[in-house]
Amino acid sequence: MGRPEHRPEVRGARDLTNLWRELPAAVLAYPASAWSPERGLATLIDTLRARAWREHCAAATVQSCAERGQNCERPGHCRADALFPMNIGGGAPSWRQATLFVQWRPALDQWHLIALGAQAGDSLGWAARCLRERHGLEGSTPLPVSTLADLELAGATRWRLMFVTPWLVGKGRTETSPSPDTETVAHELRKAMRLRAHKLTALCFDDARAQRLASHLAHHVAEARLPDGLRVEQAQVATHPLALASRGNGASFVALTWSGQAMLRVEPDILPWLSLIALSGGGENADKGFGGIELTPLD
C-alpha cells in the first residue's frame, strides 16, 4: 500500500488566511420580498456609490471628487474612497475594492448587505438608511457576524457552485463561444480567487507598502496551491453575450458571460480562498453585482 501523498505547506499560507479571518465584517439580511432580482443589484450598488461620494467625500469643494471627474484628493483620509475607491480612466487601482456591497442568496431567500473592514462596518447603518430611503428596502436583520472568519466555508470537500448573477468572463467579445470545459472553468475560478485575495489582503492593512507586500504574498500562495487545491469535476455552463454601457463615459460594449453550475472538489486549506468569491463574487465588474455565486456542500 502506497503512502498517502503529503503536500508540503506553503510558507506564509497559514499566516495569510489568519490575517483574512481577523478582518472586521458585518452583514444585514433582508427578506426576498425587499427587492426583485429583475431590478438588478447594480441599481442598489450604484445608489450607495453615488451617495457615498456625495456625502462622504473629504475634498474641500462644493462638488465631490467623483462629481468633478477627478481622483480622490485625500486618499487614506476619505470615507467615500474607502467605501467605493475609484481611479478615473481605469477603475479602482488593482489592489483596491469596494467594501460595501449587496448580494442575493437564493437558497436563503435573502438579500445581504455586506460590510468589510472597520470603516465599512461603521457605515452599515448609513447604507441601510440609504437603501430604505431610495429603494424602500425594509426588514433588515443583523446576522451574527463580527469578522470574516464567521463567513468562511467549512465542512465539505465537494461543493455545487451556482452562478447567481452573470459572471463576466471578458469585455469587448461579441463572438458566440462554446460552453467552457471543466479546466476552463477551474482556471477562471482560480484567477478570481487570486485577484480577490490580492484585494482583500490589501484591505487588511492601512499602510500602502504593507498592502503591496502582503498582496505579493497572496499571489505567491495562489500560484503554489490553487492549481492542485481546486478542481472542477463537472461543468454545466452556458455562454451568453451581454450588452452593457459604461456609466463613466456612456460607451457601449458587449461582454461574454457565464451562467449555470459546476461541481467542485476543494482541499480544506483552499476553502478560505473559495470563501472570498462566495462572499464578494468574481470575474469582471464583481464590485458592481456581477459574478455572484452560491455554494452548497455535497458531502
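Please work out which one of (1) assigned to a loop (DSSP other than H, G, I, E, B); (2) open to solvent by 40 Å² or more (accessible area, probe 1.4 Å) is the condition D269 fails and give its number.
Here D269 clears every test but (1).
Within the set of pairs 6 or more residues apart or between chains, which connect a residue that is at negative phi and among the small types (G, A, S) inside the stretch 147-169 to a residue that is surrounded by 15 or more Cβ atoms within 10 Å (Cβ to Cβ) and assigned to a helix (DSSP H, G or I) with Cβ atoms less than 6 Å apart?
A149/R21
Would you mention how many residues in the stretch 207-228 are surrounded by fewer than 21 Cβ atoms within 10 Å (Cβ to Cβ) and more than 13 Å from W95 (Cβ to Cβ)?
Adding up the residues that qualify gives 6.
Would you check if there is a residue in the stretch 78-93 being open to solvent by 60 Å² or more (accessible area, probe 1.4 Å), of a type outside the set (A, V, I, L, M), over 17 Å from the mean Cα position of the chain (by Cα) and modelled with pLDDT of 90 or more?
Scanning the stretch 78-93, I find at least one residue that is open to solvent by 60 Å² or more (accessible area, probe 1.4 Å), of a type outside the set (A, V, I, L, M), over 17 Å from the mean Cα position of the chain (by Cα) and modelled with pLDDT of 90 or more, so the answer is yes.
With respect to N71, determine if the residue is within 27 Å of L113 (Cα to Cα), touching a residue at least 12 places away in the same chain (Cβ under 8 Å) and of a type in the set (S, T, N, Q).
So N71 fits the description; yes.
For the stretch 168-189, how many residues are at pLDDT 95 or above and open to solvent by less than 80 Å² (accessible area, probe 1.4 Å)?
The number of residues fulfilling the criteria is 6.
The values are calculated or read from the model by the stated rules, or taken from the named source; none is laboratory data. On a predicted model such as this, the values are computed, not experimentally measured, just so you know. With ideal geometry, Cβ positions are generated from the backbone for all residues, glycine too; neighbour counts draw on all protein chains shown. These area figures cover heavy atoms from the full protein model, side chains too; ligands, DNA and RNA do not enter into them. Shrake-Rupley method; radii C 1.70, N 1.55, O 1.52, S 1.80 Å.
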